[in-house]
1. If a residue counts only when it is small (Gly, Ala, Ser) and surrounded by 15 or more Cβ atoms within 10 Å (Cβ to Cβ), which strands (runs of 3 or more DSSP E) contained entirely in region 70-136 have at least 1 such residues?
2. Please state which one of 133, 101 is charged (D, E, K, R) and within 17 Å of residue 10 (Cα to Cα).
3. Which condition number does residue 65 fail, the rest of (1) part of a loop (DSSP other than H, G, I, E, B); (2) among the hydrophobic types (A, V, I, L, M, F, W, C); (3) crowded, with 16+ Cβ neighbours inside 10 Å being met?
4. For residues that are out of contact with any strand residue (DSSP E or B) (no Cβ under 7 Å at 6 or more places or on another chain) and of a type in the set (A, V, I, L, M, F, W, C), tally how many sit in region 1-27.
5. Inspect all residues belonging to region 38-53 and state whether any of them is of a type outside the set (Phe, Trp, Tyr) and touching a His at 6+ places or on another chain (Cβ under 8 Å).
Amino acid sequence: MTFNIEHCKIIDLPKIHDPRGNLTFVEGGNHIPFDIQRVYYLYDVPGGAERGGHAHKWLHQLIIAMSGSFDVLLDDGKGKQRYHLNRSYNGLYVCPMIWRELDNFSSGSVCMVLASNRYDENDYYRDYTQYVETRR
């Protein structure tokens, strides 16, 4: 399957309201279209810093703003879409072969990523020009 930017979308996660504090959960293969093999998070990102700047060949991801906010710019080599994430009960589904850049981090923000596979350096496109050439 050839993925493009239209396959990426905001996913509303379950939100259980409780006066003691709300609860949200994610079930791989149920709320998101993949099983979760890895979880990582970004925090203490300095003001003005950018993260990402790569694409994955096979990896599916769900990006969630656990605290604070940040922007995610998605690019499939033909079109671009910017998402502002600032709710812990929303996640941005990013399919394979989509270039992503994260920026505009608010102070104290935490970005959690659920991933379909374990880390594999061979899964990355780190050079944008090379990435775009493979999309043709």
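1. Details: elements: 70-75, 80-85, 90-94, 99-103, 110-115.
Here the list reads 90-94, 110-115.
2. Details: 133 fails: within 17 Å of residue 10 (Cα to Cα).
None of the others qualify; the one that does is 101.
3. Single failed check for residue 65: (1).
4. Number of matching residues: 3.
5. Taking region 38-53 as the starting set, the residues that turn out to be of a type outside the set (Phe, Trp, Tyr) are 38-39, 42, 44-53.
Checking the rest, the ones that are also touching a His at 6+ places or on another chain (Cβ under 8 Å) come to none.
No, every residue in region 38-53 fails to be of a type outside the set (Phe, Trp, Tyr) and touching a His at 6+ places or on another chain (Cβ under 8 Å).
Residues checked against (1) touching a residue at least 40 places away in the same chain (Cβ under 8 Å); (2) more than 25 Å from residue 107 (Cα to Cα); (3) loosely packed, with under 14 Cβ neighbours inside 10 Å; (4) not polar (S, T, N, Q):
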{"position": "2", "(1), (2), (3), (4)": "yes, yes, yes, no"}
{"position": "5", "(1), (2), (3), (4)": "yes, yes, no, yes"}
{"position": "12", "(1), (2), (3), (4)": "yes, no, yes, yes"}
{"position": "18", "(1), (2), (3), (4)": "no, yes, yes, yes"}
{"position": "21", "(1), (2), (3), (4)": "no, no, yes, yes"}
{"position": "27", "(1), (2), (3), (4)": "no, yes, yes, yes"}
{"position": "32", "(1), (2), (3), (4)": "yes, yes, no, yes"}
{"position": "44", "(1), (2), (3), (4)": "no, no, yes, yes"}
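Per-residue answers, yes or no, for (1) more than 12 Å from the chain's Cα centre (by Cα); (2) under 18 Å from residue 125 (Cα atoms); (3) of a type in the set (Val, Ile, Thr):
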| site | (1), (2), (3) |
| --- | --- |
| 16 | yes, no, yes |
| 20 | yes, no, no |
| 26 | yes, no, yes |
| 49 | yes, no, no |
| 71 | no, no, no |
| 81 | yes, no, no |
| 89 | yes, no, no |
| 96 | no, yes, no |
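Each value in this text was obtained by applying a stated rule to the coordinates, not by laboratory testing. Quantities reported herein were computed from a predicted structural model and do not represent experimental measurements. Reconstructed Cβ throughout: ideal geometry from the backbone, glycine too, with neighbour counts over all protein chains shown.
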